[in-house]
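Colleague: Before we start, here is the structure in question, set down as structure tokens.
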Amino acid sequence: IAKLVLTFFLCKIFFFTAITGSSWCFRNDSSPEENPNIPVIAKYFGTKGRYEEVNPYLIRDILAVNRSSLQPPSPQCREIHLTAIIRHGTRYPTSKNVKKMEKLYKLVQSSARGKDRWLHEILTQWTMWYTEDMDGRLVQKGVEDLKHLAVRLSKLFPTIISEEKLRGGLIKFITSSKHRCVNSTLSFKAGLTEMWAITDVEFQHAVNDALMRFFDKCTKFVQEVDNNPSALTEMDKFTQGPEMVRVQQKIADRLNVSYHLITYDMVEAAFYLCAYEFAIKTENSPWCRLFDEIDGQVMEYALDLKQFWKRGYGYDINSKSSCILFHDVFSRLDKAVNDSGQAVNEAVTVQVGHAETLLPLLTLLGFFKDSETLTSTNYASQRERSFRTSRMLPYAANLVLVLFDCGGRDIRLQPLVNEQPVVFPGLADQQESMPLYEDIKRQYAELLNGCDYETVCELFKPAEP
């Protein structure tokens, strides 16, 4: 009790939110020591992780919000526009990963031996229930992810995400064409309509792959990074390096199989099996016992290397491929500023895409950037890195931008990542996460005046005369 009182007292005095994570003012119920249903490696699952591991207070109350985290400079500040860019909810593995897991399962069934209880459970009780036709489809947990997110955002911003605005057609929905994104969009809408008991009208959404799957259409990115095996050289080196070799050896020992049978693909498959079992069914699967916490940290770094070099800061085209989405976001913000105090036709924009949609944009905006590049050889020095996909990109990850009109044309912009306030890079000296909108535009002036999608995505630029 004394510990809880102290925490409450401190939170009343200070509210601290790290740029990479959640508020410590909520009770953390996700500790594996306190909850045996949570794997010890749950917070290292990268893009396969649960949203609740980023915001552990949601384990206790899935609809919890903390409006005190929002600190407008004056009481008269009012919300005039909100844009939310959201990753789809929890999904099944893709057919590619199902094949890897099937291969591992057969290897374990045919070759693994031992007396450990968890291994006996895999050999005699666990069955390979994932099938290739699942191929990334949204699961029921994913439906709930988006429903709950919709309710929480409406509680955080009740004057703008409201029944009146929804019925008035002022909340717009845009989605990628992929089934998991369309179904996530439907789930977000259902979260609102069920909360307000709306049954007499359906709300439409627009499919726009040019915005939400820009990475497929950027020729330079596709050819130089996405389809280029050498783009992931640093990850490949790390998966063959001493840290990963030790993980492979430990897994071989735990399964009592020959070391040469445990390739990185097999390690990755086991890691994903643990992650999917936990994310989809909230089970601490026996597959999770193949890893200890140090193994989880090594696996997380390998997966972060992949995202860093394929979608993040590794190559300039990774972030520049999102120029079209960047300009779309700021055009909506500009319009909201210009329309402030007048009748508007769009108060809220909800855009649902992929981790591959969100990460390039976060990178273009400069969030989660470390002073040192992630490479295959600096794992030890990157233990405290900001670029950590487990915290940035769980299922239902989101970037929310909220415009406030504080009177006298004092327009502010509040950024949140996964419902936690963050600070725009280069504007931290303002002592607040809600800077003037004009200061933000000056900060990104070079991108706003350039960053032309068609130009940056050209594979071969015409020679200058």
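The values are calculated or read from the model by the stated rules, or taken from the named source; none is laboratory data. Not measured: the values here are computed from a predicted model. Don't worry about glycine lacking a Cβ; one is built from the backbone with ideal geometry, like all the others, and counts go over all protein chains shown. The protein model used for the area step is the full one, side chains on, heavy atoms only, and it has no ligands, DNA or RNA in it. Shrake-Rupley method; radii C 1.70, N 1.55, O 1.52, S 1.80 Å.
Colleague: Just flag the GluC sites (Glu not before Pro) in the range 134-230 sitting in loop per DSSP whose Cβ has no more than 10 other Cβ atoms within 10 Å. Show your work: numbers first, answer last.
Modeller: Details: sites: Glu144, Glu163, Glu164, Glu194, Glu202, Glu224; in loops: Glu202.
Hits after loop and neighbour filter: Glu202.
Colleague: If you don't mind, another one. If you place +1 on the Cβ of every Lys and Arg, -1 on the Cβ of every Asp and Glu, and leave all else neutral, what size is the dipole of the chain about its Cα centre, to the nearest 20 Debye? Before the final figure, lay out the partial values.
Modeller: On the way: 55 positive and 58 negative charges, 171 e Å.
The dipole of the chain has a size of about 820 debye.
Colleague: So, taking all protein chains as they sit and a 1.4 Å probe, how much accessible area belongs to Asp61, in Å² rounded to tens?
Modeller: Number for this one is 80 Å².
Colleague: For n ≥ 4 DSSP H runs only, could you compute -39500 (n - 2.57) per run for the chain, divide by its residues and tell me the 222 nm figure to the nearest 500? Working shown, then result.
Modeller: Details: 21 runs with 199 residues, N = 465.
Calculated from helices alone, the mean residue ellipticity at 222 nm is -12500 deg cm²/dmol.
Colleague: Follow-up. Add +1 for every Lys or Arg and -1 for every Asp or Glu among the other residues with Cβ under 14 Å from the Cβ of Gln109, and state the total.
Modeller: +1
Colleague: Here's another thing I want to ask about it. List the residues whose amide H sits under 5 Å from the amide H of Phe367, counting only those 5 or more places along or on another chain, with H placed 1.01 Å from N in the peptide plane.
Modeller: Distant-sequence amide H within range of Phe367: zero hits.
Colleague: Taking amide hydrogens as modeled 1.01 Å from N in the peptide plane, which residues meet the under 5 Å criterion relative to Arg91, leaving out close sequence neighbours?
Modeller: Under 5 Å from the amide H of Arg91 lie the amide H atoms of Val139, each far enough along the sequence or on another chain.
Colleague: Given R₀ = 30 Å, what would the calculated FRET efficiency be for Asp334 paired with Arg167, taking r from the Cβ atoms and rounding to 0.05? Walk me through the numbers before you get to the answer.
Modeller: Numbers: r = 26 Å, r/R0 = 0.87.
The computed FRET efficiency comes out at 0.70.
Colleague: Before I look further, what does the range 116-237 give for accessible area per residue, probe 1.4 Å, in whole square angstrom? Please list the in-between numbers first.
Modeller: Numbers: 5830 Å² over 122 residues.
I get 48 Å² per residue for the range 116-237.
Colleague: Let me cross-check Trp129: its accessible surface, 1.4 Å probe, with only protein heavy atoms counted, in Å² to the nearest 10?
Modeller: Rounded to the nearest 10, that gives 70 Å².
Colleague: Which ³J(HN,Hα) values in Hz, rounded to whole numbers, follow from the phi angles of the range 77-93 under the Karplus curve 6.51 cos²θ - 1.76 cosθ + 1.60, where θ = phi - 60° and Gly and Pro get x?
Modeller: Once θ is set to phi - 60°, the couplings for the range 77-93 become 5, 10, 6, 10, 7, 9, 10, 10, 10, 10, 7, 4, x, 4, 9, 6, x Hz.
Colleague: Of the accessible area of the range 46-457, with the probe set at 1.4 angstrom, what percent is carbon plus sulfur?
Modeller: Details: 7630 of 16520 Å².
That share works out to 46 percent.
Colleague: Mind scanning Lys147/Lys310; Lys178/Lys310; Lys100/Lys281; Lys141/Lys189; Lys189/Lys369; Lys178/Lys217 and naming the pairs with a C-alpha gap bigger than 22 Å? List each step's numbers first, then the result.
Modeller: Values: Lys147/Lys310 30 Å; Lys178/Lys310 20 Å; Lys100/Lys281 20 Å; Lys141/Lys189 16 Å; Lys189/Lys369 33 Å; Lys178/Lys217 15 Å.
Too far apart for the 22 Å limit: Lys147/Lys310; Lys189/Lys369.
Colleague: Same structure, new question: How big is the accessible area of Thr282 in square angstrom, nearest 10, if you roll a 1.4 angstrom probe over the protein chains?
Modeller: 70 Å²
Colleague: Given that just one value was derived from the coordinates, which of [x] 72, 72, 46; [y] 73, 52, 45; [z] 91, 62, 40 is Cα extents along the principal axes in Å?
Modeller: Computed from these coordinates, Cα extents along the principal axes in Å corresponds to label [x].
Colleague: Among residues other than Lys178 whose Cβ falls under 10 Å from its Cβ, what is the net charge (Lys/Arg +1, Asp/Glu -1)? Let's see the in-between values first.
Modeller: Values: positive: Arg91, Arg137, Arg180, Arg213; negative: Asp209.
Here the count lands on +3.
Colleague: List the GluC sites (Glu not before Pro) in the range 331-426 that DSSP assigns to loop (not H, G, I, E or B) and whose Cβ has at most 13 other Cβ atoms within 10 Å. Which are they? Write out the running numbers ahead of the final one.
Modeller: Numbers: sites: Glu346, Glu356, Glu372, Glu384, Glu419; in loops: Glu346, Glu372, Glu384, Glu419.
Those that pass, being in a loop and sparsely packed, are Glu372, Glu384.
Colleague: Would you mind counting up the charge near Arg67? Only other residues with Cβ under 13 Å from its Cβ, with Lys and Arg at +1 and Asp and Glu at -1. Working shown, then result.
Modeller: Values: positive: Arg152, Lys155; negative: Glu79, Glu419.
Every neighbour counted, the sum reads 0.
Colleague: Mind checking the full-extension length gain between Lys237 and Asp410? Use 0.36 nm per residue of separation minus the Cα-Cα distance, one decimal, nm. Please list the in-between numbers first.
Modeller: Details: separation 173, 0.36 × 173 = 62.28 nm, distance 5.06 nm.
Roughly 57.2 nm would be gained on extension.
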